[in-house]
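Right, one structure below, let's go through it.
Taken together, the values in this text are just the output of simple stated rules run on the coordinates, not laboratory data. For clarity, every value in this text was computed on a predicted model and none was experimentally measured. With ideal geometry, Cβ positions are generated from the backbone for all residues, glycine too; neighbour counts draw on all protein chains shown.
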């Protein structure tokens, strides 16, 4: 059985599905390694303009597999401390891979997103939740730290520091309705219409230029690391000038509005 499924539900859109439903798509290494490789391959596919990420069955991703963590590669001769470091590095790289993708990633959160699964959803650019979805920073519930895989960096920036601290320190569940209210997800829909809702968002993205979308994604992520407003505005300005000067997209947008037709951006 393949732990990661790749589908093309419509032109320009690739659906990546974590496929270990009997374990609620837990993050065993046997799942995360092919998942990272699949993301890299999809990222290189120039026919893919938007990626939708979801989980098979009733869960998005339940985080670390506490019963069967799978096999960590390339650890022969290493001691336990080094093996632990390599294992975290492998999981961290999954988050970094999601962030580095050229294409926007829409997380279709179809059920529980727990621990590392919470982190996976935050690494996506857009989150849409089914009505049965919920989020939990589960490390604290297991006697560990809730800060893992970038959660303590990404969550405060998504919902604010006070809300993030309360959620991470209490280990409580955030259901879909609350997630929408606090801005953790952009929309909540019924479970049976979740993927269609994500495809509708993808269709709107597909209507714009590739360069414009890729640079917008890049600047959104860069803003999280910007040392100052001035520094970030300089980067935004450079990106805007790059598209304005090197393409005819702006002129095409004006012509299309004048002709009352959809714009065709050739970059």
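Which order do the peptides 166-172, 196-202, 122-128, 223-229 take when ranked by the mean count of other beta-carbon atoms within 10 Å per residue, highest first?
Working: 166-172: 15.9, 196-202: 18.4, 122-128: 22.1, 223-229: 10.4.
Per-residue mean Cβ counts within 10 Å order the peptides as 122-128, 196-202, 166-172, 223-229.
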**Prompt:** Between residue 222 and residue 10, what FRET efficiency comes out of the Förster formula 1/(1 + (r/R0)^6) with R0 = 35 Å and r the beta carbon distance, rounded to 0.05?
**Reply:** 0.75
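Multiplying the sequence separation of residue 196 and residue 244 by 0.36 nm and subtracting their Cα-Cα distance, what value in nm do you get? The partial results should precede the final answer.
On the way: separation 48, 0.36 × 48 = 17.28 nm, distance 3.30 nm.
Here the segment from residue 196 to residue 244 would lengthen by 14.0 nm.
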**Asked** When only C-alpha pairs under 8 Å and at least 6 residues apart count, what is the relative contact order of the chain, in percent?
**Response** 15 percent
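Please report, to one decimal in angstroms, the Kirkwood hydrodynamic radius of region 210-259 built from all distinct Cα-Cα pairs. Please list the in-between numbers first.
Working: mean 1/r = 0.0836 Å⁻¹.
Taking every pair of different Cα atoms in region 210-259, averaging 1/r and inverting gives 12.0 Å.
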**Item:** Length released on extending from residue 264 to residue 102, taking residue separation times 0.36 nm less the Cα-Cα span
**Value:** 56.3 nm
**Item:** Convex hull per residue volume in Å³, alpha carbons only, for region 123-214
**Value:** 106 Å³
**Complete:** Computed on Cα atoms only, the convex hull of the chain has an orientation-averaged projected area in nm² of 16.3 nm²
